[in-house]
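Okay, structure first, notes after.
Just so you know, all these numbers are worked out from the coordinates, no wet-lab data involved. In this text, all values refer to a predicted model and were calculated from it rather than measured experimentally. Virtual Cβ from ideal backbone geometry, glycine too; neighbours counted across all protein chains shown.
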Amino acid sequence: MFPVSGCVAAGDDVDPKKRPVEDIRVGGPCAYRSCDGMAHITRIVQTGVSRKQADFMGGPGYKGYEIWFRFVPEKGVDIEGWAADLLDREHLLTLQNGWYPGPRYIKKYRLTQGSTCPCKVEIIEKGACTPIVFSFPSIDTRDYFESRQ
């Protein structure tokens with residue numbers, strides 16, 4: 001949540017300086033529905049973009065890999081509509097800060113083309129936040145060990 005100051009809608013009689021911070025929201029509160037499943041790794045490739053992250057000042061200092069996967073929900077879980085369309089494609093697994101994983105990360109978490117790992121998808125039901133969010137119980141996407149010298 002980010003506080004917003006000095007923005008009042010036309011006809012709003014409430015002084016924004018007197019409004020509690022908890023009442024000011026950007027994007028509004030969001031509600032998600034969770035679905036468990038598996039991530040099937042479809043390909044692991046080094047691309048021009050993933051290699052270039054080694055050259056960015058403040059970047060990880062190593063050449064990365066694009067790790068692509070498809071989400072498959074558990075049996076009995078029915079995902080319909082726009083979410084089904086969005087999930088019916090490959091998705092890119094990156095570290096939480098957007099970096100591409102490197103070779104040591106791939107080895108540490110035993111990621112190979114054709115392998116699977118548990119995956120949870122959060123599908124938005126209310127609000128204006130990210131429509132789908134993936135998490136991986138057996139993969140720490142905040143593990144930046146490769147960038148440490």
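Miscellaneous remarks
- Backbone N under 12 Å from the residue 57 label point (7 Å along Cα→Cβ), restricted to segment 66-101: none
- Fraction of alpha-carbon pairs over 21 Å apart in segment 31-147 - percent: 40 percent
- Label-to-label distance for residue 144 and residue 31 is 3.5 nm, based on points extended 7 Å past Cα in the beta-carbon direction.
- Relative contact order (percent, whole number), segment 31-147, Cα cutoff 8 Å, 6+ residue spacing: 35 percent
- Label-to-label distance for residue 47 and residue 108 is 2.4 nm, based on points extended 7 Å past Cα in the beta-carbon direction.
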